[in-house]
Amino acid sequence: MELPFAESYKIKMVETIRRSTREEREEWIKQAKYNLFNLKSDYVFIDLLTDSGTGAMSDKQWAAMMLGDESYAGARSYHNMKDAIKTIMGFDYFLPTHQGRAAENVLFSVLVKEGDVVPGNSHFDTTKGHIEFRRAKAIDCTIDEAFDTTNLHPFKGNIDIKKLEEVYKSHPKEKIPFVVLTLTNNTAGGQPVSMENIKAVAALSKKYGVKVLFDSARFAENAYFIKTREKGYESLTIKQIVLEMYEYADFATMSSKKDAIVNMGGFIGFKDEAVFRQACTYNIMFEGFITYGGMSGRDMNALAQGLDEGTEFDYLETRIKQVAYLGNKLIEYGIPVQQPIGGHAVFVDAKKMLPLVPKEEFIAQTLGVELYLEAGIRGVEIGTLLADRDPVTRENRYPNLELLRLAIPRRTYTNNHMDVIAAALKNVWDRREQMKRGYRILWEAPIMRHFTVELEKIN
Ligand code: F0G
């Protein structure tokens, strides 16, 4: 008999989570104004709001924390982090920052000017925010296949080379500070970018004199997909694939809360010493001295260890197979999800799941609240609330896809939890014909409204 798959770790420490009753949840979510961000985490049984900073550190990471050197300048922990980044990604220069968006803030302060354009593959919200804040424009060049949830393209995170060349042809190179490759492509569903595409983007960018930035939050998960899906990479290690990927990057911004498996931290990688030197000034102003950048020594030590663990095949296989386990269960139940299943999350197609709820009543949010009421599970809306209003007309923007993202924290839940999530969604799916109404807004902030919006149920 073939042996089944099992996790590549055992559990040394646990945290109690509490189930609740439907009556309790009805009261709590009403008090939270039907905004899942407003819930106390104690009111949540399985928390899939994000995979960012929510993973479980290993015994070796905790041991590394005890060895943290808290010196203001030149700490041993800084050098451990520097060595890990050099070994794993090949960058000679780096700056620590407190998280990913801080890395964007520092690097873009050097590189992005008013009137610039920055092409990429579905820029993450904060990346786009840091571009638009500087009065520059983010241009999405993701392949069209990414927007069809049933298309089984193995690398749906890819950049469309034709769209990218169009941007390069229609703007002078001085107006294009870099192209950003988001690995994996979070917004498109945790979808990977192939090595072939990385090479093609780098070659085209070289031809037009444009630099390449990797938004690296889930770079190791991306390498796992290259190894398991792309011809010629089957027998290479994850670390070999990662080194090859980064041959094509000029810069990297990293949210270490994802693939470096720490609760807080980030960094910028540079090949160019001149840009590094300019960025040092901004790092000192915004983050902290260049050898700690908003991180404590113990956190830099845990990060260095996490980068090493996060690029091990056995760890990644356990992680990505768990996400696929949940995704495949949902597919088995007939529930519409973004396919193929991505690296860090399962994205449920809310329009297909709740066909009777009008788009003006926030379909994916309605599904998110319903899943919470069903079983105390918290996902996050990627739909009309997140898409916000048009800055000029102030009308709601209705995106093509209304998604509920179920992000899986690393090494945190077991497959029993995945079974509960799948069963809860199945129960909602089975009563979809009865769900006809959603929510109306009582209060919203002028930008980034989804974090704080207050809603009321429409009866
Ligand atoms: N880039 C990507 C692709 C991300 O997914 C995130 C964060 C960031 C940059 C910013 O990093 O949070 O450390 O400042 N994504 C989280 C999420 C918040 O839930 O997907 P940060």
Check your understanding: Any residue at all in the stretch 387-397 that is within 16 Å of the ligand (Cβ to nearest atom), in contact with a Lys or Arg (Cβ under 8 Å, 6 or more places away or on another chain) and open to solvent by less than 20 Å² (accessible area, probe 1.4 Å)?
Key -> no
Point to revise | Filter result (part of a strand (DSSP E or B) and either open to solvent by 10 Å² or more (accessible area, probe 1.4 Å) or modelled with pLDDT under 95 (or both)) within the stretch 255-298 | key: Ser255
Check your understanding: If you go through the stretch 169-200 one residue at a time, how many are open to solvent by 10 Å² or more (accessible area, probe 1.4 Å) and away from the ligand (no atom under 16 Å from the Cβ)?
Key -> 12
Practice item. Kindly indicate which of Val380, Val428, Val420 is modelled with pLDDT of 95 or more, open to solvent by 50 Å² or more (accessible area, probe 1.4 Å) and within 23 Å of Leu354 (Cα to Cα). Key: Val420
Point to revise | Residue identified as of a type in the set (Phe, Trp, Tyr), more than 30 Å from Leu326 (Cα to Cα), modelled with pLDDT of 95 or more and surrounded by fewer than 18 Cβ atoms within 10 Å (Cβ to Cβ) among Tyr72, Tyr9, Tyr78, Tyr93 | key: Tyr72
Exercise for review: Filter the stretch 65-85 for residues that are in a loop (DSSP other than H, G, I, E, B) and at negative phi and give the result.
Suggested key: Leu67, Gly68, Asp69, Glu70, Ser71, Tyr72, Ala73, Ala75
Check your understanding: Could we say that Thr291 is touching a helix residue (DSSP H, G or I) at 6+ places or on another chain (Cβ under 9 Å), under 21 Å from Leu183 (Cβ atoms) and more than 15 Å from the ligand (Cβ to nearest atom) here?
Key -> no
Exercise for review: State which residue is nearest to the ligand (Cβ to nearest atom) when the search covers only the stretch 51-98 and only residues that are among the polar types (S, T, N, Q) and over 23 Å from Glu312 (Cβ atoms).
Suggested key: Thr97
Check your understanding: Just one of Arg437, Arg411 is out of contact with any Leu (no Cβ under 7 Å at 6 or more places or on another chain) and over 24 Å from Glu27 (Cα atoms); which is it?
Key -> Arg411
Practice item. Search the stretch 242-261 for residues being under 18 Å from Glu104 (Cβ atoms) and hydrophobic (A, V, I, L, M, F, W, C), and hand back the single one that is nearest to the ligand (Cβ to nearest atom). Key: Met254
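The values are calculated or read from the model by the stated rules, or taken from the named source; none is laboratory data. Just so it is clear, the structure is predicted and the values come from calculations on it, not from any experiment. In this analysis, Cβ positions are derived from the backbone assuming ideal geometry, glycine residues included, and neighbour counts consider all displayed protein chains. Side chains included, ligands, DNA and RNA excluded: accessible areas come from the protein's heavy atoms. Shrake-Rupley method; radii C 1.70, N 1.55, O 1.52, S 1.80 Å.
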